[in-house]
Amino acid sequence: MGQRIPQFFLLALLLATNSFSADEPKLTLPGVKEDIEFASPGGISLKLDAFIPDGPGPFPACILVHGGGWKNGNKRVYITPLFEPLAKSGFAWFAINYRLAPEHRWPACADDVKAGIKWVKAHAAEYKIDPNRIALIGESAGAQLAAFVAAQNDADTRVAAVVPFYCPADFELIARTAPAQ
């Protein structure tokens with residue numbers, strides 16, 4: 001356990017210092033399948049990127065939920081430092097987009113995370129993953145969404161683990177201290 005703590009802090013540091021661009025850069029990790037539509041609520045195409053390790057599987061999988069204050073970001077920014085370590089560790093991963101505020105009001109973003117989980121479970125055989133070994137990983141606003149969706153404990157969106165990196169939790173404080181819009 002002691003060896004994993006420095007790795008955890010390094011991972012958190014990488015996430016915290018990642019680029020804050022809203023553009024979707026091209027991925028350089030070999031074997032990534034890009035821009036797969038997983039849902040289209042109200043005609044809005046929600047896409048994910050997927051990585052599946054070589055081999056017969058079934059692999060444990062992670063669904064990655066980006067941050068960005070619920071109003072910025074996408075599946076290829078903020079959360080990208082996780083792509084290579086997960087891939088090298090034998091995990092399949094799915095980085096998802098969700099509808100952003102203020103154009104889309106709560107709970108649209110949470111509904112989209114649920115849709116991502118349902119899609120991954122429905123395509124488990126195709127992507128050689130074990131539907132009973134899915135972790136939901138989010139950072140910042142994505143951490144809040146991951147924790148919120150997991151806390152719902154619905155059978156069709158239940159996951160084996162949740163990893164929230166720097167999750168906002170005190171919304172009363174956030175509301176009191178946020179600059180007026």
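The values are calculated or read from the model by the stated rules, or taken from the named source; none is laboratory data. From a predicted model like this one, the values you see are computed outputs, not experimental measurements. In this analysis, Cβ positions are derived from the backbone assuming ideal geometry, glycine residues included, and neighbour counts consider all displayed protein chains.
Things worth noting here:
- Of residues in region 77-111 being more than 14 Å from A143 (Cα to Cα) and buried (at least 23 other Cβ atoms within 10 Å of the Cβ), the one nearest to the chain's Cα centre (by Cα): F94
- Residue match in region 111-126 (condition: modelled with pLDDT under 95, under 15 Å from K33 (Cα atoms) and charged (D, E, K, R)): no
- Some residue of region 60-76 being touching a strand residue (DSSP E or B) at 6+ places or on another chain (Cβ under 9 Å), in a helix (DSSP H, G or I) and modelled with pLDDT under 95: no
- Test result for A147, farther than 21 Å from G42 by Cβ and assigned to a loop (DSSP other than H, G, I, E, B): no
Yes/no matrix, rows are residues, columns are (1) under 18 Å from D54 (Cα atoms); (2) touching a Ser or Thr at 6+ places or on another chain (Cβ under 9 Å); (3) without any contact (Cβ under 8 Å) to a residue 40 or more places away in the chain; (4) among the hydroxyl-bearing types (S, T, Y):
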residue	(1), (2), (3), (4)
P81	no, yes, no, no
C109	no, no, yes, no
K114	no, yes, no, no
D130	yes, no, no, no
R133	yes, no, no, no
I137	no, no, no, no
S140	no, no, no, yes
F148	no, no, yes, no
